[in-house]
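A.B. asks: One structure coming up, written as structure tokens, with questions to follow.
The values are calculated or read from the model by the stated rules, or taken from the named source; none is laboratory data. Note that the coordinates shown come from a computational prediction; the quantities given were computed from them, not determined experimentally. Positions of Cβ are generated from backbone atoms using ideal geometry, with glycine treated the same way; all protein chains shown enter the neighbour counts. Only protein heavy atoms, including side chains, enter the accessible area calculation; ligands, DNA and RNA are left aside. Shrake-Rupley method; radii C 1.70, N 1.55, O 1.52, S 1.80 Å.
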Protein chains: 4
Amino acid sequence: MTRQAQVHRLAMAGPSDVAPIARLIEAGEIDPARIVAVLGKTEGNGCVNDFTRGYAVQSLRAMLAEHLPAEALARLPMVMSGGTEGGLSPHWIVLSETDGSAPGADLALAFAATITRALTPDEIGRSAQVALVRAGVEEAMAKAGITRAEDVHFVQIKCPLLTAERTLAVGGHVVTTSMLKSMGLSRGASALGVGQALGEIGTLTDADIGVNFDLWSARASASPGIELMACEIVVMGQSAAWSGPLRIAHGVMQDAIDAPSVAALLGLAAPGAPLQSAPDRAIALLAKAEASASGLIRGARHTMLEDSDLSSTRHARGFVGGLLAGLIGHTELFVSGGAEHQGPDGGGPVALIYSRSPEVAPA
Amino acid sequence: MTRQAQVHRLAMAGPSDVAPIARLIEAGEIDPARIVAVLGKTEGNGCVNDFTRGYAVQSLRAMLAEHLPAEALARLPMVMSGGTEGGLSPHWIVLSETDGSAPGADLALAFAATITRALTPDEIGRSAQVALVRAGVEEAMAKAGITRAEDVHFVQIKCPLLTAERTLAVGGHVVTTSMLKSMGLSRGASALGVGQALGEIGTLTDADIGVNFDLWSARASASPGIELMACEIVVMGQSAAWSGPLRIAHGVMQDAIDAPSVAALLGLAAPGAPLQSAPDRAIALLAKAEASASGLIRGARHTMLEDSDLSSTRHARGFVGGLLAGLIGHTELFVSGGAEHQGPDGGGPVALIYSRSPEVAPA
Amino acid sequence: MTRQAQVHRLAMAGPSDVAPIARLIEAGEIDPARIVAVLGKTEGNGCVNDFTRGYAVQSLRAMLAEHLPAEALARLPMVMSGGTEGGLSPHWIVLSETDGSAPGADLALAFAATITRALTPDEIGRSAQVALVRAGVEEAMAKAGITRAEDVHFVQIKCPLLTAERTLAVGGHVVTTSMLKSMGLSRGASALGVGQALGEIGTLTDADIGVNFDLWSARASASPGIELMACEIVVMGQSAAWSGPLRIAHGVMQDAIDAPSVAALLGLAAPGAPLQSAPDRAIALLAKAEASASGLIRGARHTMLEDSDLSSTRHARGFVGGLLAGLIGHTELFVSGGAEHQGPDGGGPVALIYSRSPEVAPA
Amino acid sequence: MTRQAQVHRLAMAGPSDVAPIARLIEAGEIDPARIVAVLGKTEGNGCVNDFTRGYAVQSLRAMLAEHLPAEALARLPMVMSGGTEGGLSPHWIVLSETDGSAPGADLALAFAATITRALTPDEIGRSAQVALVRAGVEEAMAKAGITRAEDVHFVQIKCPLLTAERTLAVGGHVVTTSMLKSMGLSRGASALGVGQALGEIGTLTDADIGVNFDLWSARASASPGIELMACEIVVMGQSAAWSGPLRIAHGVMQDAIDAPSVAALLGLAAPGAPLQSAPDRAIALLAKAEASASGLIRGARHTMLEDSDLSSTRHARGFVGGLLAGLIGHTELFVSGGAEHQGPDGGGPVALIYSRSPEVAPA
């Protein structure tokens, strides 16, 4: 027998609106004990003082506590990404398992999660984090029954950041004293760990992290959270040990306006069809967005990095979000910012979870 | 003999960077006496306290004063639209005339500008403004040699707004005491005047302005400016009295993610070609963007109207800008915000100036 | 025997940091059953999309649920005010009762809370809300044993606002369809109700609310919250039925730079002493701040109302907060924005809870 | 015969409103040939993309070009500081000379300006800039007839910053590749140069700049501008070679709420008088404001450094501006942000230009 992946994409009326998930649990459509991870796109600024992430996690945890023992709850990854700029729409993505049919000819969507040990503050943004994430990805692949690196299509990581208190706790032996910078370095180290696990990147040193952007993973997506010291890792890919109609694929946007790469990816869900022809089969789209460090997009100046009123990450999410929504035809897209070592400068990985059969629509 | 339209799209390094235009004048490529209008997309917030518009106009005026008599300069429309959110790139669009060839079989791009008399503050946002704009559009059509309303594809208007001082000057008999609201009502009244001139809209009363959004023009684009009391009107269309390779067409985005309508329009420049295949032939794209008043995009909630940190107009420009840039393949797009009576709620008009012949690239 | 008022002002490390209150409950210093109200100054933007208020309330409620029956918890006012602009510091203010000594010669600090019935959406911002608040203030005065209106020095109200859903529920018969505007009208109606209860304001009609700013209360402070439909009212004053060292007084800032009025108030805590001489005795300062609608402060232009990047309420809180902190010598000040009918245009009420005896410092 | 200092503080209706200065020139009250410097507080965000500074300078330059030869105009310092947060009011401060009376017993206000040679990009933020500023201050002191360092009370500097282009021009051999960081380092190096010239600071190395904040000047105020590569230096102090009623003094705010230091300074203009008693005699107040790097003000947390929606410099200007306006009684205050090596962490220098005789009010 196989496992079967379920992906529920659910509208969120606000950071504390966990009712849509609760309803599916009560209806028996989601078995809380078999939830692998919950992702959420919340409506804060996605930067340092975005409290919508913590608020959503607190709300989720309170609701799930009625269904899960504390120990299981503590191990469940809840990856909130702030920022629904432009027309993006706040939503949950619940990844869960159910029993599958006998193994088929195809590989089907498969996923699993793991949590590394807690990092010490001096490990954040350094090789130690890279190594821990690498091992974590390998462990999660094994749990998901994904045997080949090429069958991994997206790895979502929630990683720690540095605060003044944490810096003090290790006598200041940290990679940076800037909270904001530590977010970027933690994202970058996480992505490099993914790249190593997937064979995209070879050996590296501390000096490469946050500097040598020639090293990048096409399948990593990392978001920092102040509330944890470990890295929570969710590996998504395809495996013969799973069945059902769901599939996953990925592409890489080479820059912020690389619509052709995304269109090619969406073409998997609806081969030969025009724009927006399969919004129902394109069940979840996960992408990274960022302002190119060069200050240019195809030679034309952008102003994202000089805007002191509005963070470049907010600019980038809204802009790339508009492109993606235009191609796919809906706005519940998991676009997150800060793409250090996650795709090329100014671009980023994009993954699509889609249904092979037209009759299967998202919940 | 005919006239021939020239459209130069030029990168702007900052609001005072008029050097690219000056160079073309010095090189003889633009005859300053035959400039019809200058549009600019500047990098301010596009809202009340956006001083990049005035700064750009002051810079432009100082440069052109070396080439034009004061009287001509005073009559030249300079339409600055603030806001290059996301990856949008600040740029100038210079519309000028040159001598054309003998009339051909096709209609070619044609444009002309006019300026209404100064409005009194109590006329702003009311039927009086609608009537003045309507007459102005008709006058500009005649100047451009555009004989049929259906041959008009875009009307760009710069219109006045109310300030405390102006309100006082008419004893408070104004449509609103809110500066921000007056911007929306002035845009709306301008758009309704365009719609009447083009036969899209019938009779209306003051009570329709800013209220009855069933009334809209598919070809109007209005931006308010604090520095004027008249309406500056630039009509763009096609005419047999003009020749050359340039053409114009328009479409309407039904909502903020209506990529198919835009793709259809771009298909005129490159029939049957895939995405981004004709960035060079798509010479200028002019569009309006706004957050839908319903709070929804295809049933999914957006957060633009509840974001007290970031104006909904900034959200909308970046989001729609991303979609447009993805389809066209470059980021120098004239996307402006605030689309009252300009296209349906949450959508807006889009016009494309393109070159019929592949060999003609933008300057 | 009398009651005795306790006021604990406690630093908050983030919206979910209820630990300082929990510690005092565990230490027996606060009896949870005798908490009258909890105020909080949280670090969001204080505007529509400020989720720090809801997050703080959810955190507080979860912690107090371990100590209080659900019914008591439901009746406990939790008034969160977002916005710690400038150097303001997030903090809790816990108002609780304990047993007092025999009645003394002086009146002492006294407070009580009440909650009105739920308003219907069409009552918000109208006379019905004024009347309900008026009755609620009278009820809370009776509970607090405050017999004369002149002995009331501050009334903090949390009031409802309109949303699209609520507007729909009453068929659109609401005072405004703008969520932001409904916040102002609800604050204003609440303040007018306080003013009537305290004899500051006579009869009025719907047309006065949000319009006739000659009507104002010197002792009202209202903040809207999306999570309630009733008005929560906390009356603070002085009563012979209470004892202990705490006192309260109020003043009115006539404009945003009216330091002399505040200095006079602080002089009660430290008569004849220089600036900042009694930060320990000035236990809690509660103030309203707003940008003057005239656009002027003593004849000089301010830019708060034209700043499209930053809400005028954020400007005003930071600016007035700087003045207050400079006079008092610390930054844990409950400064809230939006002062419709709460003090004169551009100014606002200020209340000081202070200790009569120098030896009594805040917790 | 002596020189006499004139200081005109003039309201500015917008960045291009130079009319108030033009009127005084036309009225003969200001001799354009004897203007020493023009300072301006403009209403932008005071950060990277604040175009109100350039707009104001362009406007000023165009107006003064009618009165001054190009060479003189090029040498005239125009120091625009963006940011009028809270109730601060945009204004000009024009420093000019006129003929004085015979030397008196007192020292009187004296000022002079100088401009260093253009820096190369690799000198910005390094010891070379420190040395150039030091020499410039000494030169300006000599021009102003100020013979002792202790008679200098404020040195306002406009200094260059790094851009991508400038960085490229020196092969990347710059102190930082971040534009924003280069602003801080340029301010810091400028302040250290002032400190050395005034004997407040001894020798130092590149490693001290932007790092060793124990080194600071009590009289330096630096603001970077993208439009220049030299440092423009305006020294203000007192000299026996000048006469008239104007005087200058300075203090240092030890933190952001240090009202007593400011009150002591204001007491010079109105000895023994209460708050706000001499707004007319307090002719110009110049101050620096910043968020303390410790994240604390007197032990209480501030949120300025974690606010990703609003720059800490904007927070700090509004907050300190409120305190200063409350003490002095008007809002035309030259408060600028970014106080590296300018006063202690979180505090900053404050200078007051005041009139000795009560009858002399500002223009």
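A.B. asks: Exactly one of (1) within 14 Å of chain A (Cβ to nearest Cβ); (2) assigned to a helix (DSSP H, G or I); (3) not β-branched (Val, Ile, Thr) is unmet by D:Ala191. Its number?
C.D. replies: Looking at each condition in turn, D:Ala191 falls short on (1).
A.B. asks: Continuing with the same structure: Given (1) touching a residue at least 12 places away in the same chain (Cβ under 8 Å); (2) within 7 Å of chain A (Cβ to nearest Cβ), identify the lone condition not met by B:Arg317.
C.D. replies: (2)
A.B. asks: So which residues in segment C:320-338 are of a type in the set (A, V, I, L, M) and facing chain D (nearest Cβ under 9 Å), if there are any at all? Before you say what the answer is, go through the steps one by one.
C.D. replies: First, the residues of segment C:320-338 that are of a type in the set (A, V, I, L, M): C:320, C:323-325, C:327-328, C:333, C:335.
Within segment C:320-338, C:Val320, C:Leu323, C:Leu324, C:Ala325, C:Leu327, C:Ile328 qualify.
A.B. asks: For the condition open to solvent by less than 30 Å² (accessible area, probe 1.4 Å) and among the charged types (D, E, K, R), what is the one hit in D:Asp214, D:Asp206, D:Asp258? Give the steps one after another, and end with the answer.
C.D. replies: Details: D:Asp214 fails: open to solvent by less than 30 Å² (accessible area, probe 1.4 Å); D:Asp206 fails: open to solvent by less than 30 Å² (accessible area, probe 1.4 Å).
Testing whether each residue is open to solvent by less than 30 Å² (accessible area, probe 1.4 Å) and among the charged types (D, E, K, R) leaves just D:Asp258.
A.B. asks: Continuing with this model, one more query. Restricting to segment B:17-35, name every residue that is in contact with a Ser or Thr (Cβ under 6 Å, 6 or more places away or on another chain) and either assigned to a loop (DSSP other than H, G, I, E, B) or not assigned by TED's automatic domain parsing to the domain that holds B:Val94 (or both). So that I can check it myself, show each step before the final result.
C.D. replies: Quick first cut of segment B:17-35, residues in contact with a Ser or Thr (Cβ under 6 Å, 6 or more places away or on another chain) only: B:18, B:30, B:34-35.
Once the filter is applied, which keeps residues that are in contact with a Ser or Thr (Cβ under 6 Å, 6 or more places away or on another chain) and either assigned to a loop (DSSP other than H, G, I, E, B) or not assigned by TED's automatic domain parsing to the domain that holds B:Val94 (or both), segment B:17-35 yields B:Val18, B:Ile30.
A.B. asks: Do we find that D:Ser182 is open to solvent by less than 20 Å² (accessible area, probe 1.4 Å), over 17 Å from the mean Cα position of the chain (by Cα) and in the same structural domain as D:Phe111 (by TED's automatic domain parsing) in this structure? So that I can check it myself, show each step before the final result.
C.D. replies: Numbers: open to solvent by less than 20 Å² (accessible area, probe 1.4 Å): yes; over 17 Å from the mean Cα position of the chain (by Cα): yes; in the same structural domain as D:Phe111 (by TED's automatic domain parsing): yes.
The answer is yes for D:Ser182.
A.B. asks: Mind checking which residues of segment D:1-11 are in a loop (DSSP other than H, G, I, E, B) and either at pLDDT 95 or above or within 14 Å of another protein chain (Cβ to nearest Cβ) (or both)?
C.D. replies: First pass over segment D:1-11, keeping only residues in a loop (DSSP other than H, G, I, E, B): D:1-2.
Passing the criteria: only D:Thr2.
A.B. asks: Pairs needed: first member in segment A:143-167, within 14 Å of chain D (Cβ to nearest Cβ); second member anywhere, open to solvent by 30 Å² or more (accessible area, probe 1.4 Å); C-beta distance under 7 Å; at least 6 residues apart or different chains.
C.D. replies: A:Leu161/A:Met179; A:Leu161/A:Ile226; A:Leu162/A:Met179; A:Thr163/A:Met179; A:Thr163/A:Ile226; A:Thr167/A:Thr177
A.B. asks: Does C:Gly14 meet the test of being crowded, with 18+ Cβ neighbours inside 10 Å, in contact with a Gly (Cβ under 6 Å, 6 or more places away or on another chain) and either assigned to a loop (DSSP other than H, G, I, E, B) or at positive phi (or both)? Lay out the reasoning, then the answer.
C.D. replies: Values: crowded, with 18+ Cβ neighbours inside 10 Å: yes; in contact with a Gly (Cβ under 6 Å, 6 or more places away or on another chain): no; either assigned to a loop (DSSP other than H, G, I, E, B) or at positive phi (or both): yes.
Against the criterion (crowded, with 18+ Cβ neighbours inside 10 Å, in contact with a Gly (Cβ under 6 Å, 6 or more places away or on another chain) and either assigned to a loop (DSSP other than H, G, I, E, B) or at positive phi (or both)), C:Gly14 does not qualify.
A.B. asks: Separate question: Collect the residues in segment C:150-167 that are open to solvent by less than 30 Å² (accessible area, probe 1.4 Å) and under 14 Å from C:Ala220 (Cα atoms), keeping them in residue-number order. Write out each step before concluding.
C.D. replies: Keep residues of segment C:150-167 that are open to solvent by less than 30 Å² (accessible area, probe 1.4 Å), which gives C:151-163, C:167.
Once the filter is applied, which keeps residues that are open to solvent by less than 30 Å² (accessible area, probe 1.4 Å) and under 14 Å from C:Ala220 (Cα atoms), segment C:150-167 yields C:Asp151, C:Val152, C:His153, C:Phe154, C:Val155, C:Gln156, C:Ile157, C:Lys158, C:Cys159.
A.B. asks: Could you give every pair whose Cβ atoms fall below 6 Å, whose first residue belongs to segment B:79-90 and is at the interface with chain A (Cβ under 10 Å from one of its Cβ atoms), and whose second residue is among the aromatic types (Phe, Trp, Tyr) and open to solvent by less than 10 Å² (accessible area, probe 1.4 Å), counting only separations of at least 6 or pairs across chains?
C.D. replies: From residues that are at the interface with chain A (Cβ under 10 Å from one of its Cβ atoms), the pairs are B:Gly86/A:Phe319; B:Gly87/A:Phe319.
A.B. asks: Find the strands (runs of 3 or more DSSP E) located wholly in segment A:226-333 whose residues include 3 or more that are of a type in the set (D, E, K, R) and modelled with pLDDT of 95 or more, and list them. Spell out the reasoning first.
C.D. replies: Details: elements: A:232-239, A:246-253, A:282-289.
Those strands (runs of 3 or more DSSP E) do not exist here; none qualify.
A.B. asks: If C:Ala56 satisfies all but one of (1) closer than 17 Å to C:Ser16 by Cβ; (2) surrounded by fewer than 23 Cβ atoms within 10 Å (Cβ to Cβ); (3) small (Gly, Ala, Ser), what's the number of the condition it fails?
C.D. replies: Looking at each condition in turn, C:Ala56 falls short on (2).
A.B. asks: In addition: Being surrounded by fewer than 22 Cβ atoms within 10 Å (Cβ to Cβ), over 18 Å from B:Glu97 (Cβ atoms) and of a type in the set (A, V, I, L, M, F, W, C) is the filter here; which residues of segment B:59-83 pass it?
C.D. replies: Matches in segment B:59-83: B:Ala62, B:Met63, B:Ala65, B:Ala70, B:Ala74.
A.B. asks: Which numbered condition trips up D:Arg314, out of (1) under 27 Å from C:Gln254 (Cα atoms); (2) among the charged types (D, E, K, R); (3) touching a Lys or Arg at 6+ places or on another chain (Cβ under 7 Å)?
C.D. replies: (3)
A.B. asks: Do any residues in segment C:47-62 that are within 18 Å of C:Gly337 (Cα to Cα) and within 7 Å of another protein chain (Cβ to nearest Cβ) have Cβ atoms under 7 Å from those of residues that are of a type in the set (Asp, Glu) and open to solvent by 30 Å² or more (accessible area, probe 1.4 Å), where the two are at least six apart or on different chains, and which pairs are they?
C.D. replies: Listed by first residue and then by second, the contacts come to C:Val48/B:Glu306; C:Asn49/B:Glu306; C:Gly54/C:Glu227.
A.B. asks: Among the residues in segment C:198-210, are any in the same structural domain as C:Pro121 (by TED's automatic domain parsing), within 17 Å of the chain's Cα centre (by Cα) and in a loop (DSSP other than H, G, I, E, B)?
C.D. replies: Of segment C:198-210, the ones in the same structural domain as C:Pro121 (by TED's automatic domain parsing) are C:198-210.
Cutting the leftovers down to within 17 Å of the chain's Cα centre (by Cα) gives us C:198.
From what's left, in a loop (DSSP other than H, G, I, E, B): C:198.
Scanning segment C:198-210, I find at least one residue that is in the same structural domain as C:Pro121 (by TED's automatic domain parsing), within 17 Å of the chain's Cα centre (by Cα) and in a loop (DSSP other than H, G, I, E, B), so the answer is yes.
A.B. asks: What's the total number of residues in segment B:91-123 that are within 14 Å of chain A (Cβ to nearest Cβ) and under 30 Å from B:Ala164 (Cα atoms)?
C.D. replies: Matching residues across segment B:91-123 total 0.
A.B. asks: Another question, then. Considering only residues that are modelled with pLDDT under 95 and either under 22 Å from C:Pro260 (Cα atoms) or touching a strand residue (DSSP E or B) at 6+ places or on another chain (Cβ under 6 Å) (or both), which ones fall in segment D:338-354?
C.D. replies: Selection gives D:Ala339 alone.
A.B. asks: Right, something else. Let me spell it out: the conditions are (1) among the small types (Gly, Ala, Ser); (2) within 12 Å of chain B (Cβ to nearest Cβ); (3) buried (at least 24 other Cβ atoms within 10 Å of the Cβ), and A:Ser277 meets all of them except one. Which number is the exception?
C.D. replies: With (1) among the small types (Gly, Ala, Ser); (2) within 12 Å of chain B (Cβ to nearest Cβ); (3) buried (at least 24 other Cβ atoms within 10 Å of the Cβ) applied to A:Ser277, the lone miss is (3).
A.B. asks: Same structure, new question: In segment B:312-326, how many are crowded, with 24+ Cβ neighbours inside 10 Å and over 17 Å from the mean Cα position of the chain (by Cα)? Before the answer, list the steps.
C.D. replies: Just the residues of segment B:312-326 that are crowded, with 24+ Cβ neighbours inside 10 Å, to begin with: B:313-326.
Add one more test, that the residue is over 17 Å from the mean Cα position of the chain (by Cα), and what stays is B:315, B:319, B:322-323, B:325-326.
Selection size over segment B:312-326: 6.
A.B. asks: Considering each residue of segment B:168-179, count those that are away from chain C (no Cβ under 14 Å), in contact (Cβ under 8 Å) with a residue 12 or more places away in the chain and open to solvent by 30 Å² or more (accessible area, probe 1.4 Å), and give that number.
C.D. replies: Step one: filter segment B:168-179 for residues away from chain C (no Cβ under 14 Å), giving B:169-171, B:173-175.
Next cut, in contact (Cβ under 8 Å) with a residue 12 or more places away in the chain only: B:169-170, B:173-175.
Within this subset, residues satisfying the condition of being open to solvent by 30 Å² or more (accessible area, probe 1.4 Å) are B:169-170, B:173, B:175.
Summing the residues that are away from chain C (no Cβ under 14 Å), in contact (Cβ under 8 Å) with a residue 12 or more places away in the chain and open to solvent by 30 Å² or more (accessible area, probe 1.4 Å) in segment B:168-179 gives 4.
A.B. asks: Return yes or no: is C:Arg298 facing chain D (nearest Cβ under 8 Å) and not small (Gly, Ala, Ser)? Full working, then the answer.
C.D. replies: Working: facing chain D (nearest Cβ under 8 Å): yes; not small (Gly, Ala, Ser): yes.
So C:Arg298 fits the description; yes.
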